[in-house]
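Working notes for the structure below.
The values are calculated or read from the model by the stated rules, or taken from the named source; none is laboratory data. Keep in mind it's a predicted model, so treat the numbers as computed, not measured. All Cβ positions, glycine included, derive from the backbone under ideal geometry; neighbour counts span all protein chains shown. We work out accessible area using only protein heavy atoms, side chains counted, and drop any ligands, DNA or RNA first. Shrake-Rupley method; radii C 1.70, N 1.55, O 1.52, S 1.80 Å.
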Amino acid sequence: MKCTAIANSNIALIKYWGKADDKLFLPTNSSLSITLGGLNSHTTVDFSANYKEDIVNIDAKNMEGEKKEKVVRHLNLIRNIANSNLKAKVVSKNNFPSAAGMASSASGFAALTVAACASLGMKLDKKQISIISRQGSGSSCRSIYGGYVEWIKGNKSENSFALQLADENYFDIRDIIAIVEQKEKKVSSRAGMTETIKTCPLYSSRVNTAEENLIKIKKAIKEKNFSDIGKITEFDCLLMHATMITTIPALLYWSPETIKIIKLIQEWREEGLESYFTIDAGPNVHILSLPENAKEIEKRLKEIEGVKDIMNCNIGEDAKLNGEDLF
Ligand code: PMV
């Protein structure tokens with residue numbers, strides 16, 4: 001059966017950077033994200049006896065090599081659970097640049113998991129879907145839900161899953177993304193985090209602090225305290241990047257424009273325009289703001305040389321099956 005799903009990307013406020021178990025994708029710390037409305041992957045999966053091998057097409061390109069392998073490995077996992085040996089055709093498109101620290105793997109694997117499980121007729125709840133999605137790309141387990149989402153790290157596959165803390169209507173904050181680079185990053189998150197765990201002397205201290213920050217940010221979310229949400233988000237982002245920078249060899253994902261924008265955000269705050277940054281494994285800057293300041297921030301970002309594109313996201317909804325098949 002052919003099934004199609006749409007899943008939104010997410011931005012972590014408390015980041016995941018490192019696995020306690022590489023095979024099961026169990027993280028070293030729990031993490032927390034907001035789902036990003038309008039930044040999505042749209043994926044159709046068809047398991048059928050018509051296919052002799054898996055076909056994977058992303059953004060109108062047939063995938064080969066490592067990229068195809070990651071998808072096929074995930075299809076194998078789902079086939080195993082469903083006890084099926086049917087091959088599949090997968091067609092997917094992202095409405096934002098892939099792999100430039102824009103977490104296309106999060107929305108991509110979330111949409112793939114929802115569509116593939118439905119295509120094999122599996123009846124699963126969201127928790128089970130998030131457990132499967134996690135094993136394709138860790139951060140994708142959070143994209144199964146909309147709103148404010150926690151990924152509980154757990155210590156075995158069954159208890160490492162995402163859950164929704166609050167839905168997309170709970171507290172409206174915006175993520176304005178300044179795109180300074182659209183090229184694919186040189187070191188993938190998957191490869192980078194493995195090296196960080198192996199070589200970074202600061203790693204365990206960041207993991208402990210992440211758990212503390214998670215408790216603090218959940219309190220700030222409960223109180224709808226934007227300033228605290230922003231401050232804790234920035235702190236965790238800098239802690240994660242500190243471990244990246246002190247990986248051997250150094251993982252410096254930032255570009256000069258990244259630092260320029262960080263400094264501007266600090267200046268804007270001093271002037272009273274409140275916003276906070278966070279950055280994934282790439283140079284693009286996510287700027288958190290309240291809705292009333294979003295237009296002004298967007299206007300100021302447009303004036304910065306080196307900013308190639310800007311996306312203004314509200315908080316998005318759950319991953320969903322949808323009828324618009326791509327083939
Ligand atoms: O799940 P992956 O392999 O795309 O890794 C995601 C890593 C970060 O985006 C940097 C952090 C996060 O929690 O999303």
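With E181, E195 as the choices, which residue is under 30 Å from I304 (Cβ atoms), acidic (D, E), open to solvent by 10 Å² or more (accessible area, probe 1.4 Å) and within 16 Å of the ligand (Cβ to nearest atom)? I'd like the intermediate steps shown before the answer.
Numbers: E195 fails: under 30 Å from I304 (Cβ atoms).
Result of the check over E181, E195: E181.
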Revision key, fill the gap. Being within 27 Å of T196 (Cβ to Cβ), among the charged types (D, E, K, R) and in contact with an Asp or Glu (Cβ under 8 Å, 6 or more places away or on another chain) narrows K68, K87, K93 down to just K68
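Would you call D172 closer than 30 Å to N293 by Cβ and either more than 16 Å from the ligand (Cβ to nearest atom) or within 16 Å of the chain's Cα centre (by Cα) (or both)?
Numbers: closer than 30 Å to N293 by Cβ: yes; either more than 16 Å from the ligand (Cβ to nearest atom) or within 16 Å of the chain's Cα centre (by Cα) (or both): yes.
Yes; evaluated as a whole, the condition is true for this residue.
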Check your understanding: Within the group A281, A294, A319, which residue is more than 22 Å from K185 (Cα to Cα), among the hydrophobic types (A, V, I, L, M, F, W, C), open to solvent by less than 40 Å² (accessible area, probe 1.4 Å) and touching a Lys or Arg at 6+ places or on another chain (Cβ under 7 Å)?
Key -> A294
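Name the residue, out of K52, K15, K23, K70, that is open to solvent by less than 30 Å² (accessible area, probe 1.4 Å) and either away from the ligand (no atom under 14 Å from the Cβ) or not β-branched (V, I, T) (or both).
Details: K52 fails: open to solvent by less than 30 Å² (accessible area, probe 1.4 Å); K23 fails: open to solvent by less than 30 Å² (accessible area, probe 1.4 Å); K70 fails: open to solvent by less than 30 Å² (accessible area, probe 1.4 Å).
That would be K15, the only listed residue that is open to solvent by less than 30 Å² (accessible area, probe 1.4 Å) and either away from the ligand (no atom under 14 Å from the Cβ) or not β-branched (V, I, T) (or both).
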**Study point:** Test set (1) of a type outside the set (A, V, I, L, M, F, W, C); (2) closer than 22 Å to Y148 by Cα; (3) open to solvent by 70 Å² or more (accessible area, probe 1.4 Å) - D228 fails condition number
**Key:** (3)
Exercise for review: Please verify whether region 186-195 includes one or more residues that are outside any loop (DSSP other than H, G, I, E, B), farther than 22 Å from V285 by Cα and in contact (Cβ under 8 Å) with a residue 24 or more places away in the chain.
Suggested key: yes
